[in-house]
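Notes to accompany the following structure.
What follows is calculated from the coordinates using simple rules that are stated; it is not laboratory data. Fair warning: this is a prediction, and the values are worked out from it, not measured in the lab. Note that we place each Cβ from the backbone using ideal geometry, even for glycine, and neighbour counts take in every protein chain shown.
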Amino acid sequence: MTATPLEPPPRSYVRITGSLSRRMIAIASAWILLLLAGGGFALDRVLTQAITRNFDEQLEYVLNAMIASAEIDTAGEVVLNREPADQRFLEPDSGAYWQISAPGVDVFPSRSLWDRTLPTGEPHRDMAVHVYDSAAFRDNELRIVERDVRLPRSPRLWRFQVAQSREVLDSQIGALRETLVQSFLLLGLGLIGMAALQTWYGLLPLGKVRRELARLRTGQAGRVEGAMPAEVAPMVEELNALIEHNDRQAEEARRHAGNLAHALKTPLTVIMNAAAAGSNDLDATVIREARTMRRQVDHHLARARAVGRRGSAHSRAAVWASVEAVERAVARLYPNVRIDVDGDKTLIARIERQDLDEMLGNLVENAAKYGGGSVFVTARAAMGFAELLVEDDGGGIPEGDRQRIFDRGVRLDSGKPGTGLGLAIVRDVAEIYEGTVTLEESEDLGGLLVRLRLPLAG
């Protein structure tokens, strides 16, 4: 029976909430249309008022000319010694009209009015010019300019009126608005097109990043390369840093797997040889080698946990609480050893509490095990680090062996139980948290001084 190959797991995709390009173009378009609408409305108001004002000034000019040429004849009627020159005032229903009226006298109209008259309304309380629209003629709306004047040798208040059809004015305003709409529509389309082009060109670097990531995924590149704009460069730098971080973790995982396999190979070989030879002390051999393998597994598991938590901004541990907990635990294991602690009780280190307890426990236990009966632990702050000093009154470690002692399995005193993994674990976990551990000579107790430095939490 042929085994069916396992299908690759379905690829998970990020949920898409819309196009960034369309979103940017939509926002730009809405803003452009809003500004054009506001600007077009304001410009329409200004130009319409200017055209209307010019139209009214022309009518007012005719009105002032009529007033200047008006006289009172011997019968008390008003006459014009010079009628307006516009021929439309002589043609019936031409759209241009004038009229002079006063209470108690007949209306003096232009010939263009024919059998109609302009509305006079109520007298004005001033002699200023008044302008208004009138629907007196149903077939044609009028624009009327009028003024009340008191002529010499006349007790009456005469009303001079000049009117013209709004058709000319409305056609001028309509042509203006048509030009404005066409111009602003063309301008809006051009601006939206420019916004789309700007968005496309501005987002081009993101496409380049996507292509670089595709090359990275297929193994054609090891990082995102190439020059990037100033706004995209920080993201690319962080992305490259993340890639390097993952590469380091993967490399560490491979190295730990190889180290663990190598560390377990020797105990397994010893057990297999003892079993094959029928050794009488097989039970003791299995127990001894199993204990060694367990310590190796514990070491690599501790380092793997620390690697997984590395870089966490939320890692925080109260140093003094860890010091007190370790002091109580070691004191029970070594009741004949005096352990003194002192220092800053407010220190907070950027590390997980479990890892801090394990490192500090290894150091204090080693000091109690290999020292002469006195251990002194000091906690203090130093240049952005939480510094832990573990001193003992033992024989110390020669300077030439202080670096070698950090190697796994190295023990300078084989007369006491142990696997030689304690300091190696401390060094590995400290480096993971960007800390250091060094061995020195204690000036106060004369033995070994271990200086553990871990970054302070912000």
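Whole-Hz ³J(HN,Hα) for each residue in region 126-142, computed from phi via Karplus 6.51 cos²θ - 1.76 cosθ + 1.60 with θ = phi - 60°, x for glycine and proline: what do you get?
9, 10, 7, 7, 10, 10, 6, 9, 9, 10, 4, 9, 4, 7, 7, 6, 10
Using per-residue counts of other Cβ atoms within 10 Å, averaged over each peptide, order 153-165, 102-114 from highest down.
Numbers: 153-165: 19.2, 102-114: 15.8.
Sorting 153-165, 102-114 by mean packing, highest first, produces 153-165, 102-114.
Rounded to two decimals, what is Rg over Rh for the chain when you use alpha-carbon atoms and the Kirkwood radius? Provide the component values of the computation, followed by the final result.
Values: Rg = 50.4 Å, Rh = 33.1 Å.
That ratio equals 1.52.
Please compute the length gained on full extension between M383 and E231, using 0.36 nm multiplied by the number of residues separating them and subtracting their Cα-Cα distance. Present the calculation step by step, with values, prior to reporting the outcome.
Values: separation 152, 0.36 × 152 = 54.72 nm, distance 3.36 nm.
So the extension gain works out to 51.4 nm.
Once a ≥ b ≥ c are taken as the square roots of the eigenvalues of the Cα gyration tensor of region 19-202, is the result rounded (a/c under 1.5), prolate (a/b larger than b/c) or oblate (a/b not larger than b/c)?
Details: a/c = 4.21, a/b = 3.47, b/c = 1.21.
Cα axes put region 19-202 in the prolate bin.
Measure off 7 Å from each Cα along the Cα-to-Cβ vector at V105 and W31, then give the distance between these two points in nanometres to one decimal.
Roughly 6.7 nm, to one decimal.
Expressed as an acute angle from 0 to 90° and rounded to the nearest 10, what is the orientation of the C-alpha long axis of helix 204-217 relative to the principal long axis of the chain?
20
Placing unit charges on C-beta atoms (Lys and Arg positive, Asp and Glu negative, everything else neutral), compute the dipole magnitude of the chain about its Cα centre in debye, rounded to 20. Mind showing how you got there, number by number?
Details: 55 positive and 62 negative charges, 327 e Å.
With Lys and Arg at +1 and Asp and Glu at -1, about 1560 debye.
What do you get for the angle between helix 233-277 and the principal long axis of the chain? Use alpha-carbon atoms, 0 to 90 degrees, nearest ten.
20
Fully extended, how many nm does the chain gain between E238 and R150 (0.36 nm per residue separation, minus their Cα-Cα distance)?
Numbers: separation 88, 0.36 × 88 = 31.68 nm, distance 8.86 nm.
Stretched out fully, the E238 to R150 stretch lengthens by 22.8 nm.
Using unit Cβ charges (K, R positive; D, E negative) and no other charged atoms, how large, in debye to the nearest 20, is the dipole of region 314-455 about its Cα centre?
On the way: 17 positive and 25 negative charges, 78 e Å.
Its charge dipole is roughly 380 debye.
Give the angle, between 0 and 90 degrees and rounded to the nearest 10, that separates the Cα long axis of helix 353-370 from the longest principal axis of the Cα atoms of the chain.
Helix 353-370 sits at roughly 20 degrees to that axis.
Positive end of the dipole of the chain, charges at C-beta (+1 Lys, Arg; -1 Asp, Glu), about the Cα centre: which of L189, L448, F385 has its Cα farthest in that direction?
L448
What ³J(HN,Hα) values, in whole Hz, does the Karplus curve 6.51 cos²θ - 1.76 cosθ + 1.60 give for region 56-63 when θ = phi - 60°, with x put for Gly and Pro?
Values, residue by residue: 5, 5, 5, 5, 5, 4, 5, 4 Hz.
Could you order peptides 428-438, 44-54 by the average number of other Cβ atoms within 10 Å of their residues, highest first? Walk me through the numbers on the way to the answer.
Working: 428-438: 19.0, 44-54: 13.1.
Result, highest mean first: 428-438, 44-54.
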